[in-house]
Amino acid sequence: MAPLGPGLSLTTLTEDVQVDSFCCGRIEIDDWFHNQALRFHKAGSAVVHVCLDTDGNVLGFFTLTSHYLRKNNLPKSPNLSGSNIPVTLLGRLGVSTGNQGCGLGTWLVEQAKQLALAVSKVSAARFLYVQAKDDALVGWYRDKGFRSFPSDSKKMIYDLRSGL
């Protein structure tokens, strides 16, 4: 994957990664990352990807999980077969408060798209799916190519076949 800047790396979470100092400003995201991320990662419930600086500090993270959605709940998309559509869930995303507003969140979403696309080539997944936490994030994800469900604007998909 392309680096965001000199000295930054994207890797999966291990016991060696120091998570305690990470703070994105959203208590539920910070608490989950500090207390549950490694357990979820080890159990295979989510793959936790972390962006580290040269000192090993966590600048941001996201999770990917296999999931499925009911076809009749999705925005209209051509060539969908079956009633359950396999997707990759972008479950959690956080950027440290000191790195917000510099494009790191956008870079993390692009990395998630590329990983989901790679997975879709060996295990079916048509979309990258996210549940935006608030209206501001709906707009933020929309700017990155995600579309809202007709029934719930906070549930959003990115069509992996649309290209990156």
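Which members of region 144-162 meet the condition of being assigned to a loop (DSSP other than H, G, I, E, B) and over 17 Å from the mean Cα position of the chain (by Cα)?
Restricting attention to region 144-162, the residues satisfying the condition of being assigned to a loop (DSSP other than H, G, I, E, B) are 144-146, 149-154.
Scanning region 144-162 gives Phe149, Pro150, Ser151, Asp152, Ser153.
Taking the condition of being without any contact (Cβ under 8 Å) to a residue 40 or more places away in the chain, hydrophobic (A, V, I, L, M, F, W, C) and either in contact with a Lys or Arg (Cβ under 9 Å, 6 or more places away or on another chain) or buried (at least 18 other Cβ atoms within 10 Å of the Cβ) (or both), how many residues in region 126-139 meet it? Spell out how you get there, then give the answer.
Taking region 126-139 as the starting set, the residues that turn out to be without any contact (Cβ under 8 Å) to a residue 40 or more places away in the chain are 131-132, 134-139.
This time we only want the ones that are hydrophobic (A, V, I, L, M, F, W, C), so: 132, 136-138.
From what's left, either in contact with a Lys or Arg (Cβ under 9 Å, 6 or more places away or on another chain) or buried (at least 18 other Cβ atoms within 10 Å of the Cβ) (or both): 132, 137-138.
Here the count works out to 3.
Do you know which residues across region 107-125 are without any contact (Cβ under 8 Å) to a residue 40 or more places away in the chain and assigned to a loop (DSSP other than H, G, I, E, B)?
Once the filter is applied, which keeps residues that are without any contact (Cβ under 8 Å) to a residue 40 or more places away in the chain and assigned to a loop (DSSP other than H, G, I, E, B), region 107-125 yields Lys121, Val122, Ala124.
Suppose the filter is surrounded by fewer than 20 Cβ atoms within 10 Å (Cβ to Cβ) and under 23 Å from Gly25 (Cβ atoms); does Ala118 pass it? Talk me through it step by step, then tell me what you get.
Details: surrounded by fewer than 20 Cβ atoms within 10 Å (Cβ to Cβ): yes; under 23 Å from Gly25 (Cβ atoms): no.
No: the conditions fail for Ala118.
In region 14-44, which residues are surrounded by fewer than 16 Cβ atoms within 10 Å (Cβ to Cβ) and in a helix (DSSP H, G or I)?
Ile27, Glu28, Asp31, His34, Asn35, Arg39, Lys42, Ala43
Given the residues Thr65, Thr88, which is the only one that is in contact with a Gly (Cβ under 9 Å, 6 or more places away or on another chain), β-branched (Val, Ile, Thr) and in a strand (DSSP E or B)? Steps first, answer last, please.
Values: Thr88 fails: in contact with a Gly (Cβ under 9 Å, 6 or more places away or on another chain).
One residue alone meets the criteria, Thr65.
Based on this model, can you work out whether Gly56 counts as on the phi > 0 side of the Ramachandran plot and surrounded by fewer than 18 Cβ atoms within 10 Å (Cβ to Cβ)? Before you say what the answer is, go through the steps one by one.
On the way: on the phi > 0 side of the Ramachandran plot: yes; surrounded by fewer than 18 Cβ atoms within 10 Å (Cβ to Cβ): yes.
In short, yes.
Every read-out reported here was derived from the displayed coordinates using simple, explicitly stated rules and does not represent laboratory data. Not measured: the values here are computed from a predicted model. Counting neighbours? That spans all protein chains shown, and the Cβs are built from the backbone with ideal geometry, glycine included.
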